[in-house]
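Read the figures in this text as sums done on the coordinates, not as results from a lab. None of the values given here were measured: they were computed from a predicted structure. Heads up, the Cβs are rebuilt from the backbone with ideal geometry, glycines too, and the neighbour counts pull from every protein chain shown.
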Amino acid sequence: PKVFYTQPDGAETVIEAVAGDSVMQTAVRNGVSGIVGQCGGVLSCATCHVFLADGDFPPPGEDEDEMLDCAATEREDNSRLSCQLVLAYGQEVRVTVPEAQL
Ligand code: FES
């Protein structure tokens, strides 16, 4: 899979990811700025918030939806917690990183 990360200033990073990793893990492992992932992916922070521009994923669960209300940058319709976006083989995903995570 491939993940395209767009920073708030428009800069784009493309990462060749590993199937089974989340969009959050992929960012943290590859040093993509702006995605923190403080809780390690267990839905108890909101520091992995992204705006999902393109990519097929199941809709957010109730816990993800509630935690998105705590995001440092106000949520939008396409807001997701990137630790919940698990990449499938061959998938291409585009996300935009919010201004702030903490
Ligand atoms: Fe904490 Fe995603 S890493 S909710």
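Quick rundown of the values:
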read-out	value
Any hit, the stretch 40-61, residues being assigned to a helix (DSSP H, G or I), in contact (Cβ under 8 Å) with a residue 40 or more places away in the chain and either closer than 16 Å to Glu99 by Cβ or within 10 Å of the ligand (Cβ to nearest atom) (or both)	no
Sole exception among (1) closer than 18 Å to Gln25 by Cα; (2) within 13 Å of the ligand (Cβ to nearest atom) for Thr96, by number	(2)
Test: residue in the stretch 67-77 that is over 21 Å from Thr6 (Cβ atoms), out of contact with any Gly (no Cβ under 6 Å at 6 or more places or on another chain) and exposed (fewer than 12 other Cβ atoms within 10 Å of the Cβ)	yes
Residue, surrounded by the most Cβ atoms within 10 Å (Cβ to Cβ), within the stretch 24-37, restricted to residues that are more than 6 Å from the ligand (Cβ to nearest atom) and part of a loop (DSSP other than H, G, I, E, B)	Ile35
Any hit, the stretch 1-11, residues being farther than 22 Å from Leu102 by Cβ and of a type in the set (Lys, Arg)	yes
